[in-house]
Structures are given as C-alpha cells and as structure tokens.
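Note sheet for the following structure.
The values are calculated or read from the model by the stated rules, or taken from the named source; none is laboratory data. Just so it is clear, the structure is predicted and the values come from calculations on it, not from any experiment. Cβ sites come from the backbone with ideal geometry, for glycine too, and all protein chains shown count toward neighbours. With ligands, DNA and RNA removed, areas are computed over all heavy atoms of the protein, side chains included. Shrake-Rupley method; radii C 1.70, N 1.55, O 1.52, S 1.80 Å.
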Amino acid sequence: MSLLVVGLSHRSAPVSVLERASLAAETQAKLLQDTLAAEPAAEAAVLATCNRIELYADVDKFHAGVAELSTLLAQHSGVGLDELTPYLYVHYEDRAVHHLFSVACGLDSMVVGEGQILGQIKDALALGQELHTAGRLLNDLFQQALRVGKRAHSETGIDRAGQSLVTFGLEQLATGADVADWAGGKRALVIGAGSMSSLAAATLARAGVAEIAVANRTRARADRLVEILGQPGGTGVVARAVEMAAVPDELTRADIVVSCTGATGLVLTAEAVAGALGLPFDPVREAPVASVPAPPADPDRHAAWVENGSDGTVRQAVRRAIVPAQNAGPVRLALLDLAMPRDVDGDAARLDGVRLVDIESLAEASADAPMAADVDRVRTIVADEVAAFGAAQRAAHITPTVVALRTMAADVVAGEIARLDGRLPGLDEKQRAEITQTVRRVVDKLLHAPTVRVKQLASEPGGAGYADALRELFDLDPQTVAAVSRADLNDPNRGRS
C-alpha cells in the first residue's frame with residue numbers, strides 16, 4: 001500500500017473554485033466513508049480548510065487511486081470533474097509526506113507561518129479516527145505532521161514570517177495602522193463561534209475593542225464564547241451573545257464585523273449592509289442574454305471572454321467594469337470575511353464607507369508578503385523529518401516479518417525441547433532448564449545479526465523487498481505475518497493524539 005494525496009488549494013485554484021468546492025462537516029464524513037468503500041483505498045483522511053481541500057489515502061494502485069480520489073472529490077464538492085481536474089495536484093509517497101509536513105509548518109499557507117493549520121490537521125485526524133477511516137499509515141503520518149509543525153514553530157522564527165488569517169485580515173482592514181490603535185474603543189460583531197471566529201473575537205478583545213457581540217446559529221456556542229471572553233483576568237471587554245435574527249440590528253451599531261460560518265449561502269447581503277448604514281442600494285443588474293457579444297476569434301481574448309461569462313450573462317464582466325475594489329472615503333464599517341464559501345456579498349465593497357477584506361483579497365495581499373529567513377530552516381527541518389518518517393515506515397514494514405521469524409524459531413526450540421524430554425526422561429529440572437537456555441542462546445545469536453541488518457537495509461530507499469526475501473528464505477507463513485500486523489494495528493495505544 002502507498003500514500004496518495006489529491007487536492008486543491010489557494011496555490012492551484014482561484015478562490016471562486018475553492019469557494020464552490022468547500023466541504024461541510026457532514027460532507028467530509030460521507031467523502032471519507034465513500035473513499036474507504038472504493039477499491040483502491042484502505043485508509044482515508046480529509047483536510048478541509050478555508051483555502052485547501054485535500055484527500056489522503058493509502059492505495060494499492062497509483063493511477064486507479066488518482067482517478068478514484070479525483071472523482072470522489074468532484075462528486076462531493078459539487079464541482080464537475082472536468083472543471084475541477086485542471087486545479088488538482090497529486091503527491092505520492094515521500095512527496096505526499098513532504099507536502100503534509102510543509103502544510104503543518106505553515107509553509108504552504110496563504111499567510112506563511114500561520115499556526116492555525118495545526119488545529120485543522122488535528123481535527124482531520126480526529127475525524128478519521130472517529131469514523132475509523134485512519135489506520136496505521138495515516139495515524140502515524142498525521143501525528144508526525146503535528147510534531148513536525150510544533151517543532152518548526154518552537155525551533156525557528158517561522159511565526160515571524162506571517163500571522164494567522166485573522167491577524168493578517170485585521171491588519172489589512174487597518175490599512176497600515178497599528179491594529180490596537182485602529183480597533184481601540186470600537187464595537188465589533190463576530191458572526192460564528194467556531195475556531196476561526198473565536199480567534200477573531202479573542203484577537204479583537206486583545207486589540208482593545210470596547211464591545212463584542214457574538215451571533216451564532218447555535219446560541220449555546222455563542223454563550224460559551226462570550227463566557228470565555230469574560231473570564232476573570234481577561235481583557236475586560238464587554239461581550240454578549242445575540243441571536244442570528246438580531247444581526248441586522250447589530251450591524252447598525254458595529255464598527256467592525258468578522259464573519260466565519262459554515263453557511264452555504266450569504267450571511268450578509270450588500271442590501272443588508274446598505275440598510276444598516278442608511279444607504280441606498282442599487283444592485284448590479286445582469287445583462288440579458290441577447291446583449292452577450294459573440295466570442296472573439298483571437299484565442300487569448302476568447303479565454304478572457306469565457307472567464308468573464310459566456311454562459312448567457314455577463315454579470316462578472318459588468319461587475320468588474322462598475323464596482324471599484326474599495327472605496328477611498330472614510331470607513332464607517334469594516335468587514336472581514338474569513339468564510340469559504342464567502343459569508344459577505346462582494347457587492348458590499350462598493351458601498352460608501354464600507355471596507356471589505358475577504359479570502360480573495362487576503363490571497364492577493366499575502367502574495368507580496370516578505371519571507372522570513374527562518375523559512376529556509378523550516379524547509380531543512382521538513383526534509384530531515386520526511387527522510388526519518390520514510391525510514392521509520394520502511395523499518396516498520398519489516399517488523400511483522402521479523403517477529404514472525406522469531407516466533408517460528410521459538411516454536412522450533414519448544415518442539416525440540418519437548419522431543420528431548422521424550423528421549424531423556426531422566427533429566428532433572430535444573431539440567432532441562434540449562435539445555436533449554438543454551439538452545440535459545442544459539443538460536444538468538446544466529447538470528448541477531450541477520451534481523452538487525454535486515455531492519456537497517458529495509459529502512460533505506462528501495463528496502464521494501466527485504467521483507468519479501470526474508471519470508472521466502474525462511475518459508476514463513478503469510479498468515480502469521482498478517483496476524484502480527486493486525487495485532488499491532490489493533491493496539492489500543494496506537495492512533496490517539
């Protein structure tokens with residue numbers, strides 16, 4: 001079996017595709033179950049964040065595995081396979097390990113060095129364990145990825161290379177000013193009570209906002225977040241929980257809004273934002289079908305025409321023509337949308353006094369962010385850890401065979417001692433024990449050098465064949481080797497982070 005990852009991220013796909021391909025929690029569970037039901041996969045785990053969707057699997061066939069995992073991603077994301085395929089990337093064996101370790105260290109994040117990805121990897125592992133889709137390989141892989149990520153953050157200054165999306169987003173809203181100076185005394189509305197929203201609320205509290213209102217579909221989770229914010233010894237921020245139905249009223253009082261929910265539709269429409277600010281709203285009207293021009297003959301211009309809307313409307317083209325990226329006037333309401341798919345209507349950005357920062361604008365801003373010198377050190381850590389993980393996995397592959405060999409040798413010793421008892425019934429216990437110990441020492445010495453050497457050889461690249469050779473040379477029962485593997489896999493101490 002071999003490790004395979006198929007996925008897409010902000011590095012391979014535009015935000016519009018990532019937005020449509022996002023997976024809800026229940027969809028992730030169904031994807032894992034369906035992946036395990038597919039023939040090429042024996043284990044599966046899914047890492048789904050606001051800017052990446054990756055399906056990891058232990059497969060027995062590379063090409064069949066790529067085809068199956070790609071098809072499953074398309075089916076569960078709702079994006080057609082033909083449309084999704086150009087944005088997919090594939091990593092196999094050591095390259096797959098290298099990829100996950102790099103992700104865990106924040107090297108592949110939209111904001112380099114951000115640490116939230118570690119919590120998301122932990123959640124992915126927990127889901128695989130809960131559904132029993134993560135076996136020996138993926139348990140080892142994800143747990144090691146968590147250790148590598150923590151090592152990178154503790155041994156280097158990778159944290160200085162970037163911040164979390166929340167911090168980076170607030171810095172973009174502050175447009176160069178210190179976040180604490182910009183946010184101090186303001187009133188904030190946080191929509192959602194998950195990990196990202198909780199981090200946003202805590203960050204705003206530390207920045208000195210005067211008040212935080214928390215709205216969430218499940219009121220109990222909003223209450224819990226408010227309770228945490230108001231704990232003794234905290235920031236002293238005034239925090240209160242509100243119903244989602246109260247969001248329009250809260251908008252009229254808020255200076256800053258951060259939204260990150262799992263909703264599949266818009267949480268804040270441009271019309272709702274305009275209403276809260278007392279502004280008229282003139283929605284962008286879609287052009288009728290008859291007004292769509294014929295496609296240009298020039299191939300380059302034709303590609304742009306297709307991107308801008310060749311499906312019967314020219315809505316995106318119209319928007320690009322009349323909607324400015326942001327307004328230049330004073331900001332009355334700052335909106336930070338960290339959800340994928342997006343919570344806030346992009347048209348809100350064209351309202352007077354509104355500044356909107358979302359995942360797409362963060363991706364553009366972070367592309368020019370400076371890289372810290374420590375990034376090179378992290379890359380070295382990743383390379384070393386990948387080599388160590390590969391060696392450990394190859395060595396572990398031969399361990400059941402070595403155990404089966406020693407078990408067979410012990411059975412031979414026991415059989416010979418029993419035969420000796422029949423031939424020499426007059427041996428006393430001391431004599432029998434001495435003979436037994438001598439025979440065992442002889443067997444152990446004969447097996448010691450070959451088993452130690454075969455483990456060393458198996459840990460090197462291309463060493464997987466040594467286990468097969470050992471089984472052939474000693475005529476080991478494959479069922480015995482498989483039984484040892486199952487016993488190790490079912491160890492209750494394995495697979496728990």
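Structure values in brief
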read-out: Count of residues meeting criterion [modelled with pLDDT under 60, outside any helix (DSSP H, G or I) and surrounded by fewer than 15 Cβ atoms within 10 Å (Cβ to Cβ)] in region 442-497; value: 7
read-out: Residue list for region 71-101, filter: open to solvent by less than 60 Å² (accessible area, probe 1.4 Å), in a helix (DSSP H, G or I) and hydrophobic (A, V, I, L, M, F, W, C); value: LEU72, LEU73, ALA74, LEU84, ALA96, VAL97, LEU100, PHE101
read-out: Only listed residue being outside any helix (DSSP H, G or I) and either without any contact (Cβ under 8 Å) to a residue 24 or more places away in the chain or farther than 30 Å from LEU457 by Cβ (or both), chosen from GLY415, GLY422, GLY426; value: GLY426
read-out: From GLY234, GLY262, residue being modelled with pLDDT under 95 and closer than 25 Å to ALA24 by Cα; value: GLY262
read-out: Helices (runs of 4 or more DSSP H) contained entirely in region 153-259, each with at least 3 residues that are closer than 23 Å to ASP123 by Cα and open to solvent by 30 Å² or more (accessible area, probe 1.4 Å); value: 195-207, 219-229
read-out: ALA369, sole failed condition from (1) in a helix (DSSP H, G or I); (2) modelled with pLDDT under 80; value: (1)
read-out: Set ASP60, ASP34: member being open to solvent by 40 Å² or more (accessible area, probe 1.4 Å), of a type outside the set (A, V, I, L, M) and in contact with a strand residue (DSSP E or B) (Cβ under 8 Å, 6 or more places away or on another chain); value: ASP60
read-out: Candidate set: region 14-55, residues that are part of a loop (DSSP other than H, G, I, E, B) and within 16 Å of the chain's Cα centre (by Cα); chosen: the one modelled with the highest pLDDT; value: LEU23
read-out: Some residue of region 308-315 being assigned to a loop (DSSP other than H, G, I, E, B), at pLDDT 50 or above, of a type outside the set (A, V, I, L, M, F, W, C) and open to solvent by 10 Å² or more (accessible area, probe 1.4 Å); value: no
read-out: Any hit, region 334-352, residues being among the β-branched types (Val, Ile, Thr) and either over 22 Å from the mean Cα position of the chain (by Cα) or at pLDDT below 80 (or both); value: yes
read-out: Residue check for VAL111: β-branched (Val, Ile, Thr) and over 21 Å from PRO341 (Cβ atoms); value: no
